[in-house]
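Accompanying notes for the structure given below.
Readers should treat all values here as calculations from the given coordinates under stated rules, not as data from a laboratory. What you see is a predicted model, and the numbers here were worked out from it, not measured in a lab. Don't worry about glycine lacking a Cβ; one is built from the backbone with ideal geometry, like all the others, and counts go over all protein chains shown.
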Amino acid sequence: MDSPATDLYSLTRPELRALVESWRFSPDHAARIWKYLYLGLAGSFGEMPEVPARVRSRLAAETRIGTLSARLETGSSDGFTRKFLLGLAGGEAIETVLMRFAGRATACVSSQAGCAMGCVFCATGQMGFRRHLFAGEIVSQVVHAARALRSAPEPRRLRNVVFMGMGEPLHNYGAVMRAVDILRDPSGLGFGAQRITLSTVGVVPGIRRMADEARPIHLAVSLHSADQAERARLVPAARKWPLDELMDACRYFCAALGRRIFFEWTLIDGRNDTADHAHAVGRLIRELPAQVNLIPLNPTAGYDGAPSRSDAARRFQRILADGYGLPSTVRQRRGIDIGAGCGQLAAPG
Ligand code: SAH
Ligand code: SF4
């Protein structure tokens, strides 16, 4: 029978301390355990030599170091992208992607198994919703990626975490923010405010809540169209949270936090990449401190659009820059051959 053991990756540092104190052990042990978990990336209690045996045996009896099981690891022919298929307790599975760039590495983590939002061009949306992830399952993905980096060529350290894997992070707000708190802890993994980015399909209440709680992470909003009817055809969630309400929430976020916002735009040939589309999004977001990330469509089984041609992407960028003073980037295509690109993640249970 599965033990109801506490997943250590689900605890914040104060909670770990409280747990250790509840066993009547010194809080110094909690500090050491935390360092072994997040600086040493220990995968077992045996890798915690400075924690006394009596504390370790209590840990072993009542807690676990993560619950994910590594099922498969694939590497892209680009030499920079690795994808991990990780099994969850209960039988579902998720995917996590590790991307190495010159001098930096990024973990792209999942927040749910599947997704309820149903964006037509996204493989995760096409598989439907399976379940929310717990905070520990999110933190564990980052630790898994950090461990994989230790044995890789430079860079050895993870610099960024992006919530751009499977699932809609603002649909699983509590677990995602708990994971963010754990990832940010300065005596552990220590990801600073500039190094975590959350991407949302446009869950309006979640964006407002992030602003009200002054969450210190970057926000990226998946726009794809500046027209409500057209957007709703690509992103069904837009029916629930229409474009005008979404833009109000984005303005609220920028004003409340004095921060810029990123907009993502999946570029689909002939569908949302014309000069008119570029002008429409320029007009929509020009008043905001914004940056646009253009993502040429990646192939998925359930959608037969094609990625924009590179000249269309360049025209889009030029219109945003010259007409509206908006900076933009075209996302590097990474890991497409192993289904690790944006919107390609899907995991059979
Ligand atoms: N659920 C969140 C984050 C995960 S998806 C969100 O939707 O924002 C990360 C980004 O990939 C989103 O901008 C999403 O719209 C985009 N995307 C989804 N499917 C894609 C595909 N087939 N090709 C390119 N980008 C895609
Ligand atoms: Fe869900 Fe994001 Fe995929 Fe849409 S693009 S289905 S919100 S994971």
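Relative to the longest principal axis of the chain, what angle (0 to 90°, nearest 10) does the C-alpha long axis of helix 27-38 take? Once rounded, the angle reads 50 degrees. With the simple model of a label 7 Å out from the Cα in the direction of the Cβ, HIS279 to ARG315 spans 1.2 nm.
Relative to the longest principal axis of the Cα atoms of the chain, helix 53-62 runs at roughly 50 degrees. Projection of the Cα convex hull of segment 200-314, averaged over all directions and equal to a quarter of that hull's surface, yields 7.1 nm². Using the Stokes-Einstein relation with a Kirkwood hydrodynamic radius computed over Cα pairs, the translational diffusion coefficient of segment 23-171 at 25 °C and a viscosity of 0.890 mPa s comes to 146 µm²/s. Based on Cα atoms of the chain, Rg over Rh with Rh as the Kirkwood radius reads 0.99. What net charge is computed for the residues neighbouring ARG271, neighbours being all others with C-beta under 14 Å from the C-beta of ARG271, Lys and Arg scored +1, Asp and Glu -1? Its environment carries a net charge of -3.
Put a dot 7 Å past the Cα of ASP28, heading toward its Cβ, do the same for THR12, and the two dots end up 2.6 nm apart. Cα centroids of segment 236-302 and segment 134-161: 29 Å apart. Using the Cβ of ASN172 as centre and a radius below 15 Å, the other residues enclosed give a net charge of +1, where K and R count +1 and D and E count -1. Here the gap between ARG147 and ARG251, fully extended at 0.36 nm per residue and compared with their Cα-Cα distance, gives a gain of 33.6 nm. Each label point was placed 7 Å from the Cα along the Cα-to-Cβ direction; for ALA301 and LYS35 their separation is 4.8 nm. The trypsin sites (Lys or Arg not before Pro) of segment 187-275 that meet both conditions, a loop assignment by DSSP and at most 16 other Cβ atoms within 10 Å of the site Cβ, are LYS240, ARG259, ARG260. Isolated cysteines of the chain, defined as having no other cysteine beta carbon under 4.7 Å away, are CYS108, CYS115, CYS250, CYS254, CYS342. Applying 1/(1 + (r/R0)^6) with R0 = 41 Å to the Cβ-Cβ distance of ARG209 and SER77 gives a FRET efficiency near 0.50. Phi-derived couplings, Karplus 6.51 cos²θ - 1.76 cosθ + 1.60 at θ = phi - 60°, listed residue by residue for segment 134-148: 7, 4, x, 6, 7, 4, 4, 4, 5, 4, 4, 5, 5, 5, 4 Hz, with x used for Gly and Pro. To the nearest ten degrees, helix 13-22 and the longest principal axis of the Cα atoms of the chain are 20 degrees apart.
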